[in-house]
């Protein structure tokens, strides 16, 4: 989905602000829109990736719980775990990433 107007209509949680605090962990421009306040025990945010933007390989470490849940709400992207093939992300796709799994995710080059 390269049409910005259509993307913005589909991006129901909103783009948010430039992701300056975490920019060093991304190739390309991303935007962060926190969906809960800072006191919440669970961090929940909408991250919008510009065309082709992706984050670096990373791990969410935890002794119990932890991990990450990706929900593709607009556009299309990629998710890849270390040692596995990349998985296409389409609107509505949910990926549950256990703690301590090395992975990356981001937008497709045309969406």
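The values are calculated or read from the model by the stated rules, or taken from the named source; none is laboratory data. What you see is a predicted model, and the numbers here were worked out from it, not measured in a lab. When we count neighbours, we look across all protein chains shown, and the Cβ atoms used for this are built from the backbone with ideal geometry, even at glycine.
Looking at 38, 85, 50, can you tell me which residue is in contact (Cβ under 8 Å) with a residue 12 or more places away in the chain and either more than 14 Å from residue 101 (Cβ to Cβ) or over 13 Å from the mean Cα position of the chain (by Cα) (or both)? Break it down stepwise before answering.
Numbers: 38 fails: in contact (Cβ under 8 Å) with a residue 12 or more places away in the chain; 85 fails: in contact (Cβ under 8 Å) with a residue 12 or more places away in the chain.
The match here is 50.
May I ask you to list the residues in the stretch 1-35 that are without any contact (Cβ under 8 Å) to a residue 60 or more places away in the chain, more than 16 Å from the chain's Cα centre (by Cα) and assigned to a loop (DSSP other than H, G, I, E, B)?
Selection gives 3 alone.
Of the conditions (1) surrounded by 15 or more Cβ atoms within 10 Å (Cβ to Cβ); (2) modelled with pLDDT under 90, residue 2 satisfies every one except a single condition; which number is it?
(1)
When you go through 74, 62, 86 one by one, which is the residue that is exposed (fewer than 15 other Cβ atoms within 10 Å of the Cβ) and either within 18 Å of residue 10 (Cα to Cα) or touching a strand residue (DSSP E or B) at 6+ places or on another chain (Cβ under 8 Å) (or both)? Steps first, answer last, please.
Values: 74 fails: exposed (fewer than 15 other Cβ atoms within 10 Å of the Cβ); 62 fails: either within 18 Å of residue 10 (Cα to Cα) or touching a strand residue (DSSP E or B) at 6+ places or on another chain (Cβ under 8 Å) (or both).
Exactly one residue qualifies, and that residue is 86.
Which of the residues belonging to the stretch 63-76 are at negative phi and without any contact (Cβ under 8 Å) to a residue 40 or more places away in the chain? Quick ask: steps written out before the conclusion?
Taking the stretch 63-76 and keeping what is at negative phi, we get 63-64, 68-74, 76.
Listed by number, the residues that qualify are 63, 64, 68, 69, 70, 71, 72.
Yes or no: residue 32 loosely packed, with under 12 Cβ neighbours inside 10 Å and farther than 16 Å from residue 103 by Cα? Walk me through how you get there before you give the answer.
Numbers: loosely packed, with under 12 Cβ neighbours inside 10 Å: no; farther than 16 Å from residue 103 by Cα: yes.
For residue 32, the condition - loosely packed, with under 12 Cβ neighbours inside 10 Å and farther than 16 Å from residue 103 by Cα - is not met.
Any idea which of (1) in a strand (DSSP E or B); (2) touching a helix residue (DSSP H, G or I) at 6+ places or on another chain (Cβ under 8 Å) is the one residue 75 doesn't satisfy?
Residue 75 satisfies all of (1) in a strand (DSSP E or B); (2) touching a helix residue (DSSP H, G or I) at 6+ places or on another chain (Cβ under 8 Å) except (1).
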